[in-house]
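Down below is the structure, laid out as structure tokens.
Bear in mind that the values in this text are calculations on the coordinates, not laboratory data. Since the model is a prediction, treat every value here as computed from it, not as a measurement. In this analysis, Cβ positions are derived from the backbone assuming ideal geometry, glycine residues included, and neighbour counts consider all displayed protein chains.
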């Protein structure tokens, strides 16, 4: 378990629901999946990358909604930047995607 944080520290995370509207496998990486996420009017669309290619293909993400951290510093990934991070579980050393109810509006805050 990681060290304890305060409620205020947790509150610094901006967690939002976003819908994956496009996904692909970049030819410059053997590990990453590139996906575009729609967060609604306030945030718009963002590009993100996850090292999940061994377990998931683009078609498994498109059209589904997940929880993302949207206020992370962008991270250079190949020729692009990842503009956030999807929240995933880890089980037996592999990532497990956690889709949320499709009726939740894109951009909804997660508390």
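Summary of computed values
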quantity	calculated
Selection count where residues are surrounded by 14 or more Cβ atoms within 10 Å (Cβ to Cβ), closer than 17 Å to residue 26 by Cβ and in contact (Cβ under 8 Å) with a residue 40 or more places away in the chain, scope the stretch 61-83	4
Residue list for the stretch 61-81, filter: more than 11 Å from residue 20 (Cα to Cα) and assigned to a loop (DSSP other than H, G, I, E, B)	70, 71, 72, 73, 74, 78, 79
Hits in the stretch 7-41 - residues which are out of contact with any strand residue (DSSP E or B) (no Cβ under 9 Å at 6 or more places or on another chain) and in contact (Cβ under 8 Å) with a residue 60 or more places away in the chain	41
Residue list for the stretch 44-60, restricted to those being more than 14 Å from residue 85 (Cβ to Cβ), within 14 Å of the chain's Cα centre (by Cα) and in contact (Cβ under 8 Å) with a residue 40 or more places away in the chain	56
Those residues of the stretch 85-98 which are in a loop (DSSP other than H, G, I, E, B), under 14 Å from the mean Cα position of the chain (by Cα) and exposed (fewer than 14 other Cβ atoms within 10 Å of the Cβ), in sequence order	98
